[in-house]
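Okay, so here's the structure we're looking at.
Just so it is clear, none of the values below were taken in a lab; they were calculated from the coordinates. A quick note: this is a predicted structure, and the numbers were derived from the prediction, not measured. Positions of Cβ are backbone-derived with ideal geometry, glycine not excepted, and every protein chain shown enters the neighbour counts.
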Amino acid sequence: MPGTAPDPTQETTDSPAPAAGKPGRPGKAGAAKGAAGKPSSAMARLHKLGLRRDVDLVLHLPMRYEDETTLLPIAEAIRRAGLGLTAQVEGVVTSNEVTFRPRRQMVVKIADDSGELTLRFLNFYGNQAQQMAEGASLRVRGEVRGGFFGAEMVHPTVRAVAPGEALPDRLTPVYPSTAGIPQAYLRKAIGGALGRTPLPETLPQPVLQGPLAPLRLRPLPECLRLLHAPPQEVDEHALTERSHPAWQRIKFDELLAQQLSLKRSQAARRDKSAPPMPRRAGGLLGAFLDALPFRLTGAQQRVVEEIAADMGAPHPMHRLLQGDVGSGKTIVAALAACQAIDAGYQAALMAPTEILAEQHFRKLSAWLEPLGVTVVWLAGSLKARAKREAAARVESGEARLVIGTHALIQDSVKFARLGLSVVDEQHRFGVAQRLALRGKAEADAGEAAPAARAETVPHQLMMSATPIPRTLAMTYYADLDVSVIDELPPGRSPVVTRLVNDARRDEVIERVHHAAADGRQIYWVCPLIEESEALQLQTAVETYETLVAALPELKVGLVHGRLPPAEKAAVMGDFIANRLQVLVATTVIEVGVDVPNASLMVIEHAERFGLAQLHQLRGRVGRGSAESVCLLMYQAPLSPTAKERLATMRETTDGFEIARRDLQIRGPGEFLGARQSGEAMLRFADLETDAWLVDYAQEAAELMLAHYPEAVDAHLLRWLGGREHFLKA
Ligand code: ADP
Ligand code: MG
């Protein structure tokens, strides 16, 4: 890109292109030029970064800094060669030559009073050669290395300066950016915004001086000025580590905005109305309970009561039901559905995979159809005509319970009287999909009864086996009520987990043989190959063929994501009915699948799976009374984190403990999963190191919501702008 437009990366140390700065305005001149060149496209790019308002710019904070405030004599910089330090020197060009051996390159020598330094450029443009002509005064930043020809800087950042030009007295911020936005442009835009944005205190004095007093929060404008342009003497380490008091204020404000937003949406929900569906004696619910072949555990009874009370209220329930794999959440969902149906409403149950949705459909229709409930199946794989028919039964109200995948939330599906929506394995759905199911019912309700438009919302129950550690629950899920099933149904013996080296595969196959001979069923999970679905499929087919050959007297089935849904369902049906002894599967069986007679789980290349995934997979066994075994086959050598994961699996079957360790190994961002991250993630606060701030933020949020609604508005406007909700991505 020859020409005069500054290279977007020009101000980073390892950039090939030097800045074309004008003398007299250190660090800013190039920016002004670049910005004036293409304001509109740069503006569009700023918008892409989410920087629309001045205050967005002001809250766009540096990820690191460059220290351009000091110069080293060249001789001193050379003395420090090889220490991996970035040095800034200034000198006059004494020679500039382009050589072609071993390849085209430009070699420039600069000198000051103390010595001479070589600058080497493997990529360069004509205008750079001009800028670095003999006699030019250059300010150069880079790392001095002891090269073959003596000490040199390769591709330093270079700026032409007037002799004796003053050094900046502030650290130079480096902002998170995308390739299209030059740092210089960002600096200028942010500097401008900082100058013209009034930032009145949003925290009421009584809150600052009351519960927040121990934090000794500094005024925000002061903190922002410091972070955007730190004075030379600042503790640079504290800035980079984000432990500086200025950072603390930013993080606190961010966490507070999150708390305010979640609590407001919770309150808003209470202002909405939902159909009250108090539990009636007898009815469907009673008949169903009478027909159950087992008694609910104490924990199940407790959560059923909590849910029943919510549903009896005229405000929408928004409850998360947590319970480890196998703790019996499905039955709780079914009971809630009965309560809705008893009250004359429809219930919907949405699952993330077709296999799981199908299993729910099979189970719940077996339970409820005999009691006279019409259960309808709605999935993406249905033929257009069948789907239309199903949708018509939903719309007419004939379907009392609708079970399916996210096909449920398609526009073509309208509910007559949706009163309860249940989302199983909710962590597998995107935030947007969950909200869509809720929003859909609101819209449908609006059409059915214009007077109540958008005000009547169905009750919502979300279920998850992934336990949420406390700090995450307090932040991302602060607007949910939570019920926990902390007890497994009786008669379960914990799954015994063993690690087996891949080299002992024959013994594992022998084990499968024995288990089958004892009348048990076996899952064999194929390796996860993240890079290529095709390869994963191929591996699954090969594993299947090997096992068929090795176990000729057994019936072996294969299920994977690419199988047509009908075939998938047929294979699962055969396994459930014990017509197959061994099920070779990809991770499609990861969530929810419930076949109590299966008691041996083999996971190949277990080292490639994440902890949560392994826990979910292992949860497919140990559902009956037989002692269950999980064999984690691995290929040596193991990476340290893989070792840690597998050791965790061997040591514990407690989902909460596993989640806690998972969070430790991965950090909250990954823990929540890409689907839930994005805008939902905090930009500055870190839930591991800043967890202690959450309690303060929560307390401040409660006080502000109760007594200072205007301050709440101001704070949310500043931090969220148009976005009304942290989770509304
Ligand atoms: P999850 O919480 O993982 O979704 P499920 O709802 O699939 O668990 O239940 C696991 C198994 O336990 C199912 O076979 C279910 O029928 C059975 N189950 C559920 N509750 C009880 C209970 N109270 N007593 C005995 N078995 C139960
Ligand atoms: Mg389940």
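Computed quantities for the displayed model
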{"item": "Cut-off 15 Å, label 7 Å out along Cα→Cβ of Ala642, residues of segment 471-510 by amide N", "result": "499-504"}
{"item": "Residues Thr374, Thr653, sorted so that the one with the fewest Cβ neighbours within 10 Å comes first", "result": "Thr374, Thr653"}
{"item": "Among Ile509, Gln346, Leu614 - extreme Cα towards positive end, dipole of the chain, charges at beta-carbon", "result": "Gln346"}
{"item": "Anisotropy class of segment 70-167 from Cα gyration tensor, a/c 1.5 cut", "result": "oblate"}
{"item": "Kyte-Doolittle at least 0.0, axis length at least 24 Å by Cα - qualifying DSSP helices, the chain", "result": "533-550, 691-707"}
{"item": "Options His155, Thr374, Val304, ranked by Cα towards positive dipole end of the chain, top entry (Cβ charges)", "result": "Thr374"}
{"item": "Selected from Leu203, Phe121, Leu408, residue furthest toward positive end of dipole (the chain; charges at beta carbon)", "result": "Leu408"}
{"item": "Assigned charges on the beta-carbon of Lys, Arg, Asp, Glu; the chain dipole about Cα centre (debye)", "result": "1400"}
{"item": "Efficiency of FRET between Glu567 and Gln664 - r from beta-carbon atoms, R0 35 angstrom, step 0.05", "result": "0.30"}
{"item": "Loop trypsin sites (Lys or Arg not before Pro), segment 68-155, which have at most 11 other Cβ atoms in a 10 Å radius of their Cβ (DSSP)", "result": "Arg103"}
{"item": "Cβ-Cβ FRET estimate between Ala166 and Glu134, R0 fixed at 25 Å, reported to 0.05", "result": "0.50"}
{"item": "Where Rh is the Kirkwood radius over Cα pairs, Rg/Rh for the chain", "result": "1.06"}
{"item": "Segment 112-224, dipole about Cα centre (Lys/Arg Cβ +1, Asp/Glu Cβ -1), debye to the nearest 20", "result": "500"}
{"item": "For segment 176-247, size of Cβ-based charge dipole, Lys and Arg +1, Asp and Glu -1, in debye", "result": "280"}
{"item": "Loop GluC sites (Glu not before Pro), segment 509-566, which have at most 14 other Cβ atoms in a 10 Å radius of their Cβ (DSSP)", "result": "Glu530, Glu531, Glu553"}
{"item": "Contact order normalised by residue count of the chain, Cα under 8 Å, 6+ apart, percent", "result": "13"}
{"item": "Pairs beyond 27 Å (Cα-Cα), from Lys251/Lys272; Lys48/Lys387; Lys363/Lys414", "result": "Lys251/Lys272; Lys48/Lys387"}
{"item": "Antiparallel bridge percentage (DSSP; both residues within the chain; nearest 5)", "result": "35"}
{"item": "Trypsin sites (Lys or Arg not before Pro) lying in DSSP loop within segment 517-572, provided at most 16 other Cβ fall within 10 Å", "result": "Lys555, Arg562"}
{"item": "Longest to shortest principal axis, alpha-carbon extents of segment 498-563, angstrom", "result": "37, 27, 18"}
{"item": "Fewest-first ranking of Val303, Val525, Val482, using other Cβ atoms within 10 Å as the exposure measure", "result": "Val482, Val303, Val525"}
{"item": "Ranked list, fewest to most other Cβ atoms within 10 Å of each Cβ, for His605, His560, His615", "result": "His605, His560, His615"}
